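Accompanying notes for the structure given below.
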Amino acid sequence: MIFLRLVVESFLFAGRSLQENSLRTILSLLGVTVGIFAIISVFTIVDSLERSIKDSMSFLGDKVIRIEKWPWLFEDNYPWWKYFKRPNVTISEYEYLSGNVKFASGICIFAEKSNSLVQYRNNTKSEVNLTGISLPYNKVFDVPVQVGRYFSVQEVERASNVAIIGTNIAQSLFLNGEPMGKELKINGLKFRVIGILEQQGENFIDAPSIDDNCFIPYGSFLKLYEANNAQGGLGSAIALKAFQEDKGGRQLEYELEGLMRKKRALRPMEENNFAINRTEAFEKVLDNIFGIIGIAGGVIGSFSILVGGFGIANIMFVSVKERTSIIGIQKSLGAKSYFILFQFLFESVFLSLLGGVFGLFMVYIITFIHLGSLELELTLKNVILGLSISSVIGIVSGILPALMASRLDPVEAIRS
């Protein structure tokens, strides 16, 4: 109880000292304020950029693995001639995988044709991303139908001419009219609109948006374009969604490689003539890039926080000199060394934390600045990080002055 009372008294004494020297307190915490603002603002911008880019790439799906002809590679010399000779993914391979795969929560086959032209009477919409999908597509990818419905089993099996369109297509073709139940033309064939997707809006990196998507049954897509031919055509892709407990989709990836090699009768020494592409490949590249940017920003911002720490240490040494006689009186009346230590250490930490709070408040203010499709957000993680850095700076800056004050001889201190 005595120890707790002394700690509380040290706390109150430090607060009164900061209040009595308000001008000096304000000047001292400015360095920490600027430092915390510099570091946390960099981390906030980096986190917001990373989140915006990953949201823009949501069309790739979460925990999704694709089997395709062409691999996703991030290198300067892309050996396209090597992959050009590979066969396309076929419908028979999709059926084989559907009946044998065990580590997937969903599997589908789809084919895409970008820059397609869609018509309704005299209105046209270009740059449409036309996608032919099998029925379980919505179990692998998100298909947010806002108005209408998803495809039925009969429509997919019969390759009916029905379509689900994005909001940009609906607004361009039908203006202010109601698209549901009306027929639009794709490559000369009529398709009846049965659903409209939720509006996604602009994304940060101008990635493909579902607002420009037009989904039709996979069989209907084959009426328009050749997609499942072994060598030619646009080429299809098989997508599978891994279970949540499958970290990185490794189990599913290993299973798919074995099944595809067996289906294509590849010998043990032959390399794969198919590509297994994982969405985590993009995330790893982004994590590496933003990790480097975050480290660079943190190093630059750390110089500002160091300046603030030196300022607090300087003020604390001055405070010890100014209150040397008071320290001597306190010690002569029985004050313990740790009481004097806490008194100055608390003052240093309070000063640093106060500067950190002001710095975080400045970061919070800049999150209201409109930056187009980039939305800044001060996360709880960065708030805790800012307060932690402030506390550490306060302890490091105040420990030496506090130790010096706690070790003063009472007689010599009173004489000074």
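With each run of n ≥ 4 DSSP H residues scored as -39500 (n - 2.57), what mean residue ellipticity at 222 nm is computed for the chain after dividing by its residue count and rounding to the nearest 500 deg cm²/dmol? Don't skip to the answer; put the middle values down first.
Working: 14 runs with 222 residues, N = 416.
Computed mean residue ellipticity for the chain: -17500 deg cm²/dmol.
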Checklist entry - Mean Kyte-Doolittle of at least 1.0 and a Cα length of 30 Å or more along the axis: which whole DSSP H helices of the chain meet both? => result 22-56, 280-322, 337-366, 380-406
Item to check | 19 Å Cα-Cα reach of K82 towards lysines, excluding residues that sit fewer than 8 places from it in its own chain | outcome: K69
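How high is the relative contact order of the chain, in percent, with contacts defined as C-alpha pairs under 8 Å that are six or more residues apart?
With pairs under 8 Å counted, the relative contact order is 29 percent.
Using the heavy atoms of the protein chains and a 1.4 angstrom probe, tell me the accessible area per residue for segment 102-153 in square angstrom. Walk me through the numbers on the way to the answer.
On the way: 2660 Å² over 52 residues.
Accessible area per residue: 51 Å².
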Checklist entry - For segment 160-200 and segment 98-122, what is the separation of their Cα centres, given in Å? => result 17
Checklist outcome for this item: Rounded to a whole %, the carbon-and-sulfur portion of the accessible area of segment 229-337 at a 1.4 Å probe is 63
Item to check | Straight-distance crosslink candidates among lysines, where the alpha carbon sits under 30 Å from K182 and sequence neighbours closer than 8 are dropped | outcome: K113, K125, K139, K190, K223
Item to check | Fluctuation leader among G394, G148, G301 - the chain, Gaussian network, Cα springs under 10 angstrom | outcome: G148
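Cross-link list K185/K263; K63/K262; K85/K185: which exceed 29 angstrom alpha carbon to alpha carbon? Can you show the working numbers first?
On the way: K185/K263 38 Å; K63/K262 24 Å; K85/K185 34 Å.
Where the Cα-Cα span goes over 29 Å, the pairs concerned are K185/K263; K85/K185.
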Next on the checklist: List the aspartates and glutamates whose Cα sits under 13 Å from the Cα of K284, skipping any in the same chain fewer than 8 residues away.
Outcome noted: E50
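The values are calculated or read from the model by the stated rules, or taken from the named source; none is laboratory data. Just so you know, these numbers come straight off a predicted model, no measurement behind them. Note: areas computed on protein heavy atoms with side chains; ligands, DNA, RNA excluded. Shrake-Rupley method; radii C 1.70, N 1.55, O 1.52, S 1.80 Å.
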